[in-house]
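These notes are about the structure you will find just below.
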Amino acid sequence: AQKVTQAQTEISVVEKEDVTLDCVYETRDTTYYLFWYKQPPSGELVFLIRRNSFDEQNEISGRYSWNFQKSTSSFNFTITASQVVDSAVYFCALSEMYSGGGADGLTFGKGTHLIIQP
Amino acid sequence: DAMVIQNPRYQVTQFGKPVTLSCSQTLNHNVMYWYQQKSSQAPKLLFHYYDKDFNNEADTPDNFQSRRPNTSFCFLDIRSPGLGDAAMYLCATSRVPGVAAPTDTQYFGPGTRLTVL
């Protein structure tokens, strides 16, 4: 069965610092998808990125960057020059390829509560 | 804007009194999901619809039911809410997966926070 581990329960940094959120996953499938979602206090889960198991290229989007390493089963998320608005709970999630090619739910990690202090 | 809408945002019910939560989407996605998220925990999948095909997670209690009358709407029915069912309920949608993309991104609504008195 699949599993996602986010070992950091809470991280607190001062604004403008860089911060990395760790994500380690377990799966027996060779085809799978990894996601990061942001959950601000309002509660809505906001999609940030999706990466499939065949694409190990790192990605940068503005102040956000993601480092996917299959060798260590990790999909870490870095925010550079953090801002107060980045304060939220961040979830890493995994989706395996459903047998028959159908849809499947997400397996979430427990989330990392990121606090950016002014 | 295309989106996932959940009503109401906050729902209060009494112990044992049936309650229905609503989700609608304008994304025209074929797959709809219901997740339960308890305080300070990760969302947990309850069930999902692939078009009209209902897929229940093995550990979802019988107390939870779902209906999907058409592509746009999906309902979560809790037949006899207990105190332990107090949580945020999140609805999500995704497109029908294809050969090139067996799993598509799930887009979430704002959630309904359920309180059981």
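Taking the alpha-carbon distance from A:Lys70 and a cut-off under 17 Å, which aspartates and glutamates remain once sequence neighbours fewer than 8 residues away in the same chain are dropped?
Here the aspartates and glutamates satisfying the reach criterion relative to A:Lys70 are A:Asp22, A:Glu26, A:Asp29, A:Asp55, A:Glu56, A:Glu59, A:Glu96.
If you put +1 on each Lys and Arg Cβ and -1 on each Asp and Glu Cβ, how big is the dipole of the stretch B:1-72 around its Cα centre, in Debye rounded to 20? Please list the in-between numbers first.
Details: 7 positive and 6 negative charges, 54 e Å.
So the magnitude is around 260 debye.
Quick one: putting +1 on the C-beta of Lys and Arg, -1 on the C-beta of Asp and Glu, what dipole do you get for the stretch A:1-44 around its Cα centre, in Debye to the nearest 20? Each step should come with its number before you reach the end.
Working: 4 positive and 8 negative charges, 40 e Å.
That gives a dipole near 200 debye.
Give me the net charge of B:Ser39's neighbourhood, meaning all other residues with Cβ under 14 Å from the Cβ of B:Ser39; Lys, Arg count +1, Asp, Glu -1.
Cβ neighbours under 14 Å give a net charge of +3.
State the answer as a single residue: which of A:Tyr33, A:His113, A:Leu48 lies farthest towards the positive end of the charge dipole of the stretch A:22-118, with beta carbon charges of +1 for Lys and Arg and -1 for Asp and Glu, about the Cα centre.
So the residue we want is A:His113.
Can you check what the net charge comes to around A:Gln117, using other residues whose Cβ is under 14 Å from the Cβ of A:Gln117 (Lys, Arg +1; Asp, Glu -1)? Intermediate results must be reported in sequence, preceding the final value.
Values: positive: A:Lys16; negative: A:Glu10, A:Glu15, A:Glu17, A:Asp86.
Once positives and negatives cancel, what remains is -3.
Would you mind working out the magnitude of the charge dipole of chain A relative to its Cα centre, with +1 at each Lys and Arg C-beta and -1 at each Asp and Glu C-beta, to the nearest 20 Debye?
Result for chain A is approximately 100 debye, rounded to the nearest 20.
In the stretch A:1-91, which trypsin sites (Lys or Arg not before Pro) fall in coil by DSSP and have 10 or fewer other Cβ atoms within 10 Å?
Taking the stretch A:1-91 and a limit of 10 other Cβ atoms within 10 Å, the loop trypsin sites (Lys or Arg not before Pro) found are A:Arg28.
Filter the chymotrypsin sites (Phe, Trp or Tyr not before Pro) in the stretch A:17-109 to those in DSSP coil with at most 12 other Cβ atoms within 10 Å of their Cβ, and list the result.
Answer in residue order: A:Phe54.
Mean shadow of the stretch B:35-117, computed from the convex hull of its alpha carbons, in nm²?
Working: hull surface 25.0 nm².
Over all viewing directions, the stretch B:35-117 projects a mean Cα-hull area of 6.2 nm².
Excluding residues on the same chain fewer than 8 positions from B:Lys44, give the lysines whose Cα lies under 22 Å from its Cα.
A:Lys3, A:Lys38, A:Lys110, B:Lys52
If I build a Gaussian network model for chain A, linking alpha-carbon pairs within less than 10 angstrom, which residue out of A:Gln69, A:Gln39, A:Gln57 has the largest mean-square fluctuation?
A:Gln57
Can you find, among B:Pro43, B:Phe54, B:Leu117, the residue farthest towards the positive end of the dipole of chain B? Put +1 on the C-beta of Lys and Arg, -1 on that of Asp and Glu.
My answer, from the dipole projection, is B:Leu117.
Express the carbon and sulfur contribution to the solvent-accessible surface of the protein assembly as shown as a percent, rounded to the nearest whole number, probe 1.4 angstrom.
50
Once all Cα-Cα distances of the protein assembly as shown are split into 10 Å bins that start at 0, what whole-number percent is in each one?
Bins of 10 Å from zero give 8, 32, 35, 21, 5, 0 percent of pairs.
Mind checking the alpha-carbon convex hull of the stretch A:16-71 and giving the volume per residue in Å³?
Per-residue hull volume (Cα only) is 117 Å³.
Nearest 100 Å² is fine: how much accessible area is buried between B and A, summed over both sides, with a 1.4 Å probe?
1900
Along its principal axes, what span do the Cα atoms of the stretch B:1-72 show, with the longest given first and each in whole Å?
The Cα atoms of the stretch B:1-72 stretch 34, 28, 25 Å along the principal axes, largest first.
Could you tally the net charge around B:Val12, taking each other residue with its Cβ under 15 Å from the Cβ of B:Val12, Lys/Arg +1 and Asp/Glu -1? Before the final figure, lay out the partial values.
Numbers: positive: B:Arg9, B:Lys17, B:Arg113; negative: B:Asp85.
Combined, the nearby Lys, Arg, Asp and Glu give +2.
Lys/Arg Cβ at +1, Asp/Glu Cβ at -1, dipole of the stretch B:5-117 taken about the Cα centre: which of B:Leu76, B:Thr13, B:Ala86 is farthest positive-ward?
The residue sitting farthest along the positive end of the dipole is B:Thr13.
Using the heavy atoms of the protein chains and a 1.4 angstrom probe, tell me the accessible area per residue for the protein assembly as shown in square angstrom.
On the way: 11340 Å² over 235 residues.
Per residue, the protein assembly as shown has an accessible area of 48 Å².
Could you tell me what fraction of 2.2 N^0.38 Å the Cα radius of gyration of the stretch A:5-118 comes to, as a two-decimal ratio?
Taking the Cα Rg and dividing by 2.2 N^0.38 Å, one obtains 1.07.
The values are calculated or read from the model by the stated rules, or taken from the named source; none is laboratory data. Computed from a prediction, not measured in an experiment: that's the story for all the values here. FYI the Cβ positions are ideal-geometry reconstructions off the backbone, even for glycines, and counts take in every protein chain you see. These area figures cover heavy atoms from the full protein model, side chains too; ligands, DNA and RNA do not enter into them. Shrake-Rupley method; radii C 1.70, N 1.55, O 1.52, S 1.80 Å.
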